[in-house]
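Student: Below are the structure tokens for one structure; questions will follow.
Since every read-out is calculated from the coordinates, none of them should be taken as a lab result. All values reported here derive from a predicted model rather than from experimental measurement. All Cβ positions, glycine included, derive from the backbone under ideal geometry; neighbour counts span all protein chains shown.
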Amino acid sequence: MIEVTLIGTGRLSFNLMNEILNNKRFKLNQVFGRSKFRPKHISDDVDYIKEIKNINKSDFYLIAVSDNEIYNVSNQFDAKEGIVLHVSGNTNINVLSNHKNYGVFYPLQTFSYETNLNFREIPIIIEANNKINQKKIEKFSKIFSKKVCKMSSNERAICHLSATIANNFTNHLVFKAEQILEKNGIDKKILQPLIKETFNKLDRMTTSEAQTGPALRNDNLTIESHLRQLNESDFLNLYKEITKSIRSNEL
């Protein structure tokens, strides 16, 4: 049985906790968090600790905290012979170099407390400080997912950049679109079928094939109409830049 300690209590840690608890090949030793009280989403079956010095021996330690806290947290405990992994997409592996055995376990996905995701379909990007640990981390990761990828810190950072654009930026654009509707007294739910089909199409075709709209068609009358409607909006310049980008990437 593989013993695991989780450091952090955020959304990713919550999802990892559930995966570990539901897999008989794992034993979740402890979950460390800064809160004096057990967070409500942390199972009562888990040993929740508030002092990092009380961490017990494990085979793997998963540091699931904000990027700017990884170095500080890593330097507060001794993993001895265990392997310390951070789960960040944009943080260099060397931030963990105070440990003998260390690496990266980065699930390329967006996580929440409400959605039960299928970890078998989530790409997990891994890295290790030596070949022996690489094999151990790969074996560990394949228990979670069938899509395990070895990458350098630089390659992983590129994936994180792309993921930020594809996920966070897209979500923000939907937010802005909803704002426009709400300001004009229109129910934002009217967009939901369109949004779902926009992403469903990507299962059937490439993004280039799926692209539609006035910018692609060079429909200048429609674009000018949109610009007039956005004349006093903080979205005006972003609309212009995205329109320009679509036109410049026209195939």
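Student: Could you state, as a whole-number percent, how many of the C-alpha pairs of region 82-135 are farther apart than 17 Å?
Tutor: Roughly 42 percent, once rounded to a whole number.
Student: Another question, then. Over what distance in Å are the Cα centres of region 204-229 and region 30-94 separated?
Tutor: 47
Student: What ³J(HN,Hα) values, in whole Hz, does the Karplus curve 6.51 cos²θ - 1.76 cosθ + 1.60 give for region 21-35 when θ = phi - 60°, with x put for Gly and Pro?
Tutor: In residue order, the calculated couplings are 5, 8, 10, 5, 7, 10, 10, 8, 5, 8, 10, 9, x, 7, 5 Hz.
Student: Given a cut-off of under 8 Å on Cα pairs at least six residues apart, what relative contact order in percent is computed for region 156-248?
Tutor: 18
Student: While we're here: For every helix of n ≥ 4 consecutive DSSP H residues, a contribution of -39,500 (n - 2.57) applies; sum these over the chain, divide by its total residues, and give [θ] at 222 nm rounded to the nearest 500 deg cm²/dmol.
Tutor: -11000 deg cm²/dmol
Student: Using just the C-alpha positions of region 156-248 as equal point scatterers, what log10 of I(q)/I(0) does the Debye formula give at each q in 0.16, 0.17, 0.25 1/Å?
Tutor: Here log10 of I(q) over I(0) equals -0.84, -0.95, -1.53.
Student: List the longest stretch of the chain that has no exposed loop site; here a site is one of the trypsin sites (Lys or Arg not before Pro) assigned by DSSP to anything other than H, G, I, E or B, with at most 15 other Cβ within 10 Å.
Tutor: The reported range is 147-203.
Student: For the chain, calculate the relative contact order in percent as a whole number, restricting contacts to Cα pairs under 8 Å that are 6 or more residues apart.
Tutor: Over the chain, the number comes to 12 percent.
Student: Now a separate question. Provide the net charge surrounding GLU121, with neighbours chosen by a C-beta distance below 11 Å and charges set as Lys +1, Arg +1, Asp -1, Glu -1.
Tutor: It works out to a net charge of +3.
Student: Consider just the alpha-carbon atoms of region 18-87 and return their Rg together with their Dmax, both in angstrom.
Tutor: Answer for region 18-87, Rg first and Dmax second: 12.2, 33 Å.
Student: Just to confirm the number: angle between the C-alpha axis of helix 236-248 and the first principal axis of the chain, 0 to 90 degrees, nearest 10?
Tutor: So the helix axis and the longest Cα principal axis differ by about 90 degrees.
Student: I want to verify a result. In a Gaussian network model of the chain, Cα cutoff 10 Å, which of these has the top mean-square fluctuation: ASP47, ASP187, ASP203?
Tutor: ASP203
Student: In the chain, what is the volume of the convex hull around the alpha carbon atoms, normalised per residue and reported in Å³?
Tutor: Cα-based convex hull of the chain, divided per residue, equals 170 Å³.
Student: Now a separate question. Which percent of the Cα-Cα distances in region 57-110 go past 16 Å?
Tutor: Everything past 16 Å amounts to 32 percent.
Student: What range in the chain is the longest one free of chymotrypsin sites (Phe, Trp or Tyr not before Pro) that are in a loop by DSSP and have at most 12 other Cβ atoms within 10 angstrom?
Tutor: Counting at most 12 other Cβ atoms within 10 Å as exposed, the longest clean stretch of the chain is 114-251.
Student: Using only the Cα atoms of region 2-151, each taken as one equal point scatterer with no solvent, compute I(q) by the Debye sum, divide by I(0), and report log10 of the ratio at q = 0.09, 0.12, 0.18 Å⁻¹.
Tutor: Log10 I(q)/I(0), no solvent term: -0.24, -0.43, -1.07.
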